[in-house]
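Novice: Have a look at this one.
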Amino acid sequence: MRILYFSLGYCTHDHRFLSAMTSGGHEVFFVQLEGNQRQVEDRPVPANVRQVIWKGGREPFRWGHLAKLTFDFRRLTHEIKPDLIHAGPIQTCAFLAVLTGFRPILTMSWGFDLMDDVHRNRWWEAVTRYTLKRSTYFISDANVTRDKAVLYGMNPERTVVFPWGVDLQHYSPSTVHRSPSNFTLFCNRSWEPRYGVDVLAKAFVKVAATRPEVGLILLGGGSQGGVLRQILTNGGVIEQVHFGGHIAQKDLPSWYHQADLYISPSHVDGSSVSLMEALACGLPCLVSDIPANRDWVREGENGWLFRDGNVDDLAAKILQAIERRETLAQIGRNSRSTAEARADWKKNTDTLMKTYAAVIHLK
């Protein structure tokens, strides 16, 4: 079938969805809303995917451009004549697609659109309701976002939930034994308020005060970079932190392999792909106690939960993990088993293909 895939930019998730579509034998047209503003994937767009040039894709989305973009996107649908549109996030790409009047539309939540953006103001709530009530079908990677979609008007009988998953061959446990004299924490969440990396920085200051052998790897970047460095500098632990920057997908496993414990302090999330990568690499995981994380981490089995936003609880849980390091190998094996059972992208794409087949029979 002919699929028009509409996304903000081009990231790892976009690459994987586009690859799955072409591997499934579909003819794929890729439209970006913000283009180079959201170009964070280092791999080229998959072969046979047609990148579409239009009036969008050159600058950040502005509500003042809504009419112009809607008319031009409608033009694309008339020219391409897709069998379906796969669009998300909800309040931008999916909203634009819905406004064109084209059907069927498969709206995809990216997690943050329903867990965070929808609460910005009444306008964003209204756009969310409008889009979901007019979407043909809805997919997301976590039950918590699916439930929110239903709350905002999505037909519950036209929803599908499946984890986006990871490549289990690329992300696999290390065969190198870690040194017992050091203990390394790892976090690659973006340095933005919703991901709570500042909470981790404060907790690390507390932990390092009594355990000088502990180190921290922070990957990525974001608007809180200055705040994080100030916290770590004031705490006297900046020398114990390695800032790795932005890492290509092909190199990420080696960074997970340097760690003893993966930490995600996110305040909002769907099924976190970085968490699934850590599980696949056989890492014990310490994550914030929020609904999406509880779907993946079982206390004491493949990791631990800490009270969301609570610096003291996070620090205490890190210290407990260090003190129980003789149990971490088994916990890591349990992590890998969790990934094999639920986070295999190759298996999960079957659900996506079946969803496409269901969508085209609905209007």
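The values are calculated or read from the model by the stated rules, or taken from the named source; none is laboratory data. Small disclaimer: the values here were computed from a predicted structure and weren't measured. Every residue, glycine as well, gets a Cβ built from its backbone with ideal geometry; the counts of neighbours run over all protein chains shown.
Residues checked against (1) out of contact with any Gly (no Cβ under 7 Å at 6 or more places or on another chain); (2) surrounded by 15 or more Cβ atoms within 10 Å (Cβ to Cβ):
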residue	(1), (2)
PHE204	yes, yes
GLY226	yes, no
GLN230	yes, no
GLY235	yes, yes
GLN240	no, yes
PHE243	yes, yes
HIS246	no, no
LYS250	yes, no
LEU275	yes, yes
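Novice: Anything in the stretch 175-203 that is small (Gly, Ala, Ser), outside any helix (DSSP H, G or I) and more than 23 Å from the chain's Cα centre (by Cα)? List them, or say none.
Specialist: Just the residues of the stretch 175-203 that are small (Gly, Ala, Ser), to begin with: 179, 181, 190, 196, 201, 203.
This time we only want the ones that are outside any helix (DSSP H, G or I), so: 179, 181, 190, 196.
Passing the criteria: SER179, SER181.
Novice: Separate question: For the stretch 246-356, please list each of the helices (runs of 4 or more DSSP H) lying entirely inside it that holds at least 2 residues being without any contact (Cβ under 8 Å) to a residue 40 or more places away in the chain and either of a type in the set (D, E, K, R) or in the same structural domain as GLY196 (by TED's automatic domain parsing) (or both).
Specialist: Where helices (runs of 4 or more DSSP H) fall fully within the stretch 246-356 and carry at least 2 residues being without any contact (Cβ under 8 Å) to a residue 40 or more places away in the chain and either of a type in the set (D, E, K, R) or in the same structural domain as GLY196 (by TED's automatic domain parsing) (or both), they are 291-294, 311-323, 328-342.
Novice: Among the numbered conditions (1) buried (at least 19 other Cβ atoms within 10 Å of the Cβ); (2) on the phi > 0 side of the Ramachandran plot, tell me where LEU283 comes up short.
Specialist: All conditions pass for LEU283, except number (2).
Novice: A follow-up question, please. Against the definition (out of contact with any strand residue (DSSP E or B) (no Cβ under 7 Å at 6 or more places or on another chain), of a type outside the set (Val, Ile, Thr) and on the phi < 0 side of the Ramachandran plot), how does SER266 come out, yes or no?
Specialist: Here the answer is no, as SER266 does not meet what is asked.
Novice: For the stretch 42-59, which positions are β-branched (Val, Ile, Thr) and over 17 Å from ASP72 (Cβ atoms)?
Specialist: Of everything in the stretch 42-59, those that are β-branched (Val, Ile, Thr) and over 17 Å from ASP72 (Cβ atoms) turn out to be VAL45, VAL49.
Novice: Got a number for residues in the stretch 30-47 being over 17 Å from LEU352 (Cβ atoms) and not in a helix (DSSP H, G or I)? Break it down into steps so the answer makes sense when it comes.
Specialist: Initial filter on the stretch 30-47 (over 17 Å from LEU352 (Cβ atoms)): 31-45, 47.
In the following step, the residues that additionally are not in a helix (DSSP H, G or I) were identified as 31-34, 39-45, 47.
Selection size over the stretch 30-47: 12.
Novice: May I ask you to list the residues in the stretch 191-219 that are modelled with pLDDT under 95, more than 15 Å from ASN234 (Cβ to Cβ) and among the small types (Gly, Ala, Ser)?
Specialist: none
Novice: Select, from PHE61, PHE6, PHE71, the only residue that is surrounded by fewer than 22 Cβ atoms within 10 Å (Cβ to Cβ), among the aromatic types (Phe, Trp, Tyr) and within 24 Å of the chain's Cα centre (by Cα).
Specialist: The match here is PHE61.
Novice: Now for a separate question. Does PHE112 satisfy the criteria of being under 15 Å from the mean Cα position of the chain (by Cα), hydrophobic (A, V, I, L, M, F, W, C) and more than 25 Å from HIS257 (Cβ to Cβ)?
Specialist: Values: under 15 Å from the mean Cα position of the chain (by Cα): yes; hydrophobic (A, V, I, L, M, F, W, C): yes; more than 25 Å from HIS257 (Cβ to Cβ): yes.
Yes: the conditions hold for PHE112.
Novice: Give the residue, chosen from ALA20, ALA67, that is touching a residue at least 60 places away in the same chain (Cβ under 8 Å), assigned to a helix (DSSP H, G or I) and not assigned by TED's automatic domain parsing to the domain that holds ALA248.
Specialist: ALA20
Novice: Regarding the stretch 3-15, can at least one residue be identified that is over 15 Å from ALA94 (Cα atoms), assigned to a loop (DSSP other than H, G, I, E, B), in contact with a helix residue (DSSP H, G or I) (Cβ under 7 Å, 6 or more places away or on another chain) and in contact (Cβ under 8 Å) with a residue 40 or more places away in the chain?
Specialist: No, that holds for no residue.
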